[in-house]
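Inspection log for the structure reproduced underneath, given as structure tokens.
The values are calculated or read from the model by the stated rules, or taken from the named source; none is laboratory data. These numbers were taken from a predicted model, which means no experiment stands behind them. Every residue, glycine among them, receives a Cβ derived from its backbone with ideal geometry; neighbour counts consider all protein chains shown. Accessible surface areas use protein heavy atoms only, side chains included; no ligands, DNA or RNA. Shrake-Rupley method; radii C 1.70, N 1.55, O 1.52, S 1.80 Å.
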Amino acid sequence: MRKLLVSFLFLTLCCGTAAAQGSGNKADVRGQVFLPDGSPAQLVVRIQLTGEDGQRPPQYFYTDSKGAFGVRDLLQGARYIFAVESDGKNWAATSELVFVPQGMEPFITIHLRPLLSSPLPDRPSISAMELNQIVPATAKREYEYAVASLAAGDLARASKQLQHAIQLFPDFVEARSELAVVRMRQGDLAAAETLLRRALEINGAAVR
């Protein structure tokens, strides 16, 4: 399958006291989560964002199904902690201290630490790379249109295209996974969970 365009999840964050040392100017931050083996994550990962001083209430957002993410309106000159909890199987709890420089919109990377201790109970997530489906050309085309719409920031169009792809091929796991990302970005976490659970029912190989 051709390389997918990267889409980003955006979450508007209030400035709070955690960035008191910042300049007041804001920047958008983009990034990518990498697995312990060094490969880009091919799944949805939840990230917690806090201020370095610990006074900022935790904010949570999700990567897309390729491990890419975006956060808007962070204060330049401030430091933030990006944290990913352990999945109990593939990686350990990981945190990165990130400085947002003046006059830049940085790209950051989160390299998940290998899990060395006893595993915790599984928390399954979708891995598109593990799927091996024969997808009808019409459904695949709608999916690719949707990925392009996501990259352009058009959630409404992407939602319709992904729904159409699923109508054409109800067992299209990757389309369900991407639609779950759209629902997360729209704040409908219940719908996102339903889509991911159904994807796992269709193909158990999508569980990590």
(message) Taking the condition of being out of contact with any helix residue (DSSP H, G or I) (no Cβ under 8 Å at 6 or more places or on another chain) and either in a loop (DSSP other than H, G, I, E, B) or open to solvent by less than 30 Å² (accessible area, probe 1.4 Å) (or both), how many residues in segment 140-194 meet it?
(response) 6
(request) Residue by residue through segment 34-74, note down the ones that are at positive phi and open to solvent by less than 10 Å² (accessible area, probe 1.4 Å). (result) Gly67
(request) Considering only segment 1-56, state which residues are modelled with pLDDT under 70 and not in a loop (DSSP other than H, G, I, E, B). (result) Thr12, Thr17, Ala18, Ala19
(message) I'm trying to understand the selection: among the residues of segment 75-113, which are under 20 Å from Pro57 (Cβ atoms), open to solvent by 10 Å² or more (accessible area, probe 1.4 Å) and among the hydroxyl-bearing types (Ser, Thr, Tyr)?
(response) Ser95
